[in-house]
1. So what's the back-of-envelope 222 nm ellipticity for the chain, counting only DSSP H runs of four-plus at -39500 (n - 2.57) apiece and dividing by all residues, rounded to 500?
2. Could you name the lysines in cross-link range of LYS68, using Cα to Cα under 24 Å and dropping any fewer than eight places away on the same chain?
3. Could you size up the charge dipole of segment 86-147 around its Cα centre, putting +1 on the beta carbon of Lys and Arg and -1 on that of Asp and Glu, and report it in debye to the nearest 20?
4. Hull surface divided by four, with the convex hull built on the Cα atoms of segment 1-93: how many nm²?
5. Over segment 5-153, what relative contact order in percent results from Cα pairs under 8 Å that are six or more residues apart?
6. Which of the aspartates and glutamates could a cross-linker bridge to LYS96, judged by Cα under 20 Å and excluding same-chain residues fewer than eight apart?
7. So what is the relative contact order for segment 96-157, in percent, with contacts set as C-alpha pairs under 8 Å and at least six apart?
8. If you take every DSSP beta bridge fully contained in segment 44-157, what fraction is antiparallel? Give it as a percent rounded to 5.
Amino acid sequence: MSGDSQLTTIAVDLGNSAAKWSVNGHEEQRVSLRSSHWSEQLIEAAFAACGRAKASWRIASVNRPVAKLLVGRLADECRDCVVRTIDRDDVPMVAKVSNPDRVGIDRLLAAWMASQTFPGQALIVVDAGSAITVDMVSPAAEFLGGVIVPGIALQFD
């Protein structure tokens, strides 16, 4: 196989409390990062779904230490895999905020996907996870910022 487009794609979102992933866009799975074996669980489940085929891993993370751990594990366990960490430069969206370098990749990707799903519209994007984010997107598909508040579980803690 030549080129990433023919590989199985494993998309991974590493947050502050959970790892979420899908294989070729099918059924998202998740594991708590509180589990001491979260990376093994993620890798084994992903490989089970693609039959240990050579894969293209795309990792987006707001949690750098966790991302570094996963990339290291993949280097050890999947030498033929293509592993790429997604960052702001990979998202074709302008962040019109005071500190664009501080916008989390999770928020930027959600805003970009919303702008692609509903082109030419002003949007409010809500993501409810460990934190709840409410962000605005302009009709020109520009990230306009928003707010972050503790998620439901954190509020009860």
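The values are calculated or read from the model by the stated rules, or taken from the named source; none is laboratory data. Note that the coordinates shown come from a computational prediction; the quantities given were computed from them, not determined experimentally. We place every Cβ from the backbone using ideal geometry, glycine too, and count neighbours over all the protein chains shown. For accessibility, only protein heavy atoms count, side chains too; no ligands or nucleic acids. Shrake-Rupley method; radii C 1.70, N 1.55, O 1.52, S 1.80 Å.
1. For the chain, the value works out to -8500 deg cm²/dmol.
2. Answer for LYS68, where 24 Å is the Cα cut-off: LYS20, LYS54, listed by chain and number.
3. Dipole about the Cα centre, nearest 20: 160 debye.
4. Its Cα hull, projected and averaged over all orientations, spans 6.2 nm².
5. 17
6. ASP87, ASP106, ASP127, ASP135, GLU142
7. 29
8. In segment 44-157, approximately 70 percent of DSSP beta bridges are antiparallel ones.
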